[in-house]
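So the structure is just underneath, and the comments pick up after that.
Bear in mind that the values in this text are calculations on the coordinates, not laboratory data. This one's a predicted model, so the numbers in the text were calculated from it and none came from an experiment. Cβ placement follows ideal geometry from the backbone for every residue including glycine, while neighbour counts extend to all protein chains displayed.
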Amino acid sequence: MSTAGQVIRCKAAVAWESGKPLSIEDVEVAPPKVHEVRIKVVAAGVCHTDWEYLYEAEKGMKFRPFPLVLGHEGAGIVESVGPEVTTFSPGDKVIPLFLPQCGECERCESAKTNHCRKNWANTQVGVLADGTSRISYQGQQVYQFLGVSAFSQYTVVPHTSLAKIRSDAPLDKVFLLGCGVSTGYGAAVNTAKVEKNSTCAVFGLGAVGLAAVMGCQVAGAKRIIGVDINPDKFAKAAVFGATECVNPKDHTMPIQEVLVKMTDGGVDYAVECVGSPSIMTAAFESTKDSCGSCVIAGWTETGVMNVKVEKILMGRTLRGTYFGGWKSVEDVPKLVNDYMKQKLKLDEFITHSLPLDQINVAFDLLRTGKSIRTVISL
């Protein structure tokens with residue numbers, strides 16, 4: 001493209017400090033360096049992790065430096081590639097990834113994990129391999145959230161943190177596979193390995209939770225119980241396969257006791273999609289004492305979960321999942337294919353569509369529980 005090798009001036013939603021709304025600024029995005037790719041972001045999703053870092057960083061997230069551009073769930077088109085990049089070309093449709101897959105390390109070669117750590121330490125603090133960001137504002141470095149920064153019209157990511165997808169995929173739908181849907185769906189089918197005719201409970205019916213519900217249904221669960229304090233989400237949960245929903249506020253006893261009673265002993269599988277340590281404990285204790293399995297998909301970096309040792313000793317299993325267990329670079333294109341073949345729902349997650357300059361409205365919709373996913377058009 002004509003912009004290859006040049007600095008691109010574009011709009012981005014910049015977080016200047018914790019607790020303050022995002023500000024739309026004219027930023028500069030430098031050309032990609034070795035092993036990097038610059039992409040034009042077409043669509044991005046507002047994820048709870050973005051909101052939590054901006055407004056509750058001290059409670060559930062480790063500190064990352066400001067100013068930064070949030071957004072880690074997006075899709076776009078390759079604008080240019082840096083030196084030694086051979087797997088991407090200008091014009092390719094892509095999904096940036098906060099979880100890399102280098103394909104060469106011990107973890108990438110293992111079938112037991114998807115936790116590649118290529119450039120991990122740097123991207124976690126908002127910079128790329130050389131210790132700097134490619135985004136700046138009037139000469140000041142602007143950090144890239146999880147190495148992505150999807151709330152910028154252009155961004156630069158490592159080539160190991162990018163999935164190339166089919167050319168006919170609608171970017172304003174498949175962006176969901178960059179985080180929320182992949183995480184929840186994979187939590188059920190990959191990590192929990194939900195079995196046919198089993199009984200499941202999904203705690204939290206946001207995008208991740210609804211994707212977990214969908215995963216339980218695809219796996220053939222006969223009973224899928226959605227748990228949320230917002231009853232407005234129950235109808236949507238039914239669309240994804242929930243057979244019934246429960247509001248903890250409607251009961252005087254703890255929700256885990258309610259579920260154990262409802263299921264005559266506990267559920268086979270529980271998936272926690274909120275990121276609250278107390279809810280994680282409730283999800284774990286809602287499973288069968290002899291063979292129940294609980295998967296934690298909700299994100300918190302500083303919380304401490306309370307688990308009674310006896311609950312483990314009696315036979316329960318407690319596991320965590322990151323990005324749903326998917327090998328990011330190779331599996332995201334397969335999930336896109338499943339969507340295109342109508343084997344995977346995506347459209348139903350999107351409740352609102354807004355331009356970049358209304359991104360703070362999208363954050364409010366998320367905070368008040370009025371949205372599942374808002375697509376931001378860049």
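Run the numbers for Val309 and Phe66: contour at 0.36 nm per residue of separation, minus the present Cα-Cα distance, in nm. Don't jump to the answer; show the numbers that get you there.
Values: separation 243, 0.36 × 243 = 87.48 nm, distance 4.01 nm.
Using 0.36 nm per residue and subtracting the Cα-Cα distance, I get 83.5 nm.
If packing is taken as the average count of other Cβ atoms within 10 Å, what order do 329-337, 91-99, 178-186 fall into, highest mean first?
Highest mean packing first, the order is 178-186, 91-99, 329-337.
Order by neighbour count: Tyr269, Tyr322, fewest other Cβ atoms within 10 Å first, most last. Write down the numbers at each step before the final one.
Details: Tyr269 30, Tyr322 18.
Going from sparsest to densest Cβ surroundings: Tyr322, Tyr269.
Any idea what % of Cα-Cα pairs in the range 272-378 are farther than 22 Å? Intermediate values should be presented prior to the final figure.
On the way: 3105 of 5671 pairs.
Here the tail beyond 22 Å accounts for 55 percent of pairs.
Could you tell me which trypsin sites (Lys or Arg not before Pro) in the range 141-241 are loop residues by DSSP with no more than 14 other beta carbons within 10 angstrom of their beta carbon?
Working: sites: Lys164, Arg166, Lys173, Lys193, Lys196, Lys222, Arg223, Lys233, Lys236; in loops: Arg166, Lys193, Lys196, Lys222.
Here the trypsin sites (Lys or Arg not before Pro) that fit, given the DSSP loop and packing criteria, are Arg166, Lys193, Lys196, Lys222.
Simple spin-label model, 7 Å along Cα-to-Cβ: Cys105 to Lys343 in nm?
Between Cys105 and Lys343, the simple spin-label model gives 2.9 nm.
Between the range 12-38 and the range 58-105, what is the separation of their alpha carbon centroids in Å?
12 Å
Work out the P(r) tail for the range 310-352: percent of alpha carbon pairs separated by more than 15 Å, whole number. Present the calculation step by step, with values, prior to reporting the outcome.
On the way: 578 of 903 pairs.
Here the tail beyond 15 Å accounts for 64 percent of pairs.
I need Glu348, Glu109, Glu79 ordered by Cβ neighbour count within 10 Å, fewest first.
On the way: Glu348 13, Glu109 10, Glu79 24.
Placing the least packed residue first, the sequence is Glu109, Glu348, Glu79.
With +1 assigned to the C-beta of every Lys and Arg and -1 to the C-beta of every Asp and Glu, and no other charges, what is the dipole magnitude of the chain about the Cα centre in debye, to the nearest 20? Write out the running numbers ahead of the final one.
Details: 39 positive and 39 negative charges, 110 e Å.
Computed charge dipole of the chain: roughly 540 debye.
In a solvent-free Debye calculation with one equal scatterer on each Cα, what is log10 I(q)/I(0) for the chain at q = 0.08, 0.09, 0.12 Å⁻¹, listed in the order of the q values?
-0.39, -0.49, -0.86
Could you pull the Cα extents of the range 61-193 along its three principal axes, largest to smallest, in whole Å?
49, 36, 28
Aspartates and glutamates near Lys345 by alpha-carbon distance under 16 Å, same-chain residues fewer than 8 away left out - which ones?
Straight-distance partners of Lys345: Asp172.
Here is the link list: Lys20/Lys118; Lys40/Lys341; Lys249/Lys370; Lys112/Lys222. Which ones come out longer than 20 Å on Cα distance? List each step's numbers first, then the result.
Details: Lys20/Lys118 32 Å; Lys40/Lys341 26 Å; Lys249/Lys370 18 Å; Lys112/Lys222 28 Å.
Long pairs (Cα-Cα over 20 Å): Lys20/Lys118; Lys40/Lys341; Lys112/Lys222.
Among Val69, Phe175, Val194, flag the residue with its Cα farthest along the positive direction of the charge dipole of the chain, charges on Cβ as +1 for Lys/Arg and -1 for Asp/Glu.
With unit charges placed on the Cβ atoms, the residue in question is Val194.
Among the aspartates and glutamates, select those whose C-alpha is under 14 Å from the C-alpha of Lys196, and discard any that sit fewer than 8 residues away in the same chain.
Leaving aside aspartates and glutamates fewer than 8 places away in the same chain, those within reach of Lys196 are Asp268.
So who's got an amide H within less than 5 Å of the one on Cys245, skipping anything under 5 residues away but keeping other chains? H placed 1.01 Å off N, in plane.
Gly226
Under 13 Å Cα-Cα from Lys308, which aspartates and glutamates qualify once same-chain neighbours fewer than 8 residues away are excluded?
Glu285, Asp289
Counting Lys and Arg as +1 and Asp and Glu as -1, what is the net charge of the other residues whose Cβ lies under 15 Å from the Cβ of Lys196? Provide the component values of the computation, followed by the final result.
On the way: positive: Lys193, Lys222, Arg223; negative: Glu195, Asp268.
Counting the neighbours of Lys196, the net charge comes to +1.
Each label point is 7 Å from the Cα along the Cα-to-Cβ direction; what then is the distance between the points at Thr351 and Gln140, in nm?
3.5 nm
How many nm is it between the label spots at Thr302 and Lys196, if each spot is 7 Å from the Cα in line with the beta carbon?
For the pair Thr302/Lys196, the computed spacing is 4.7 nm.
Among Thr300, Ala111, Tyr143, whose Cα projects farthest towards the positive end of the dipole of the chain, with charges put on the beta-carbon of Lys, Arg (+1) and Asp, Glu (-1)?
Ala111
So what's the Cα pair-distance distribution over the range 182-322, bin width 10 Å, in %?
Per 10 Å bin, starting at zero, the Cα-Cα P(r) for the range 182-322 comes out as 14, 50, 33, 3 percent.
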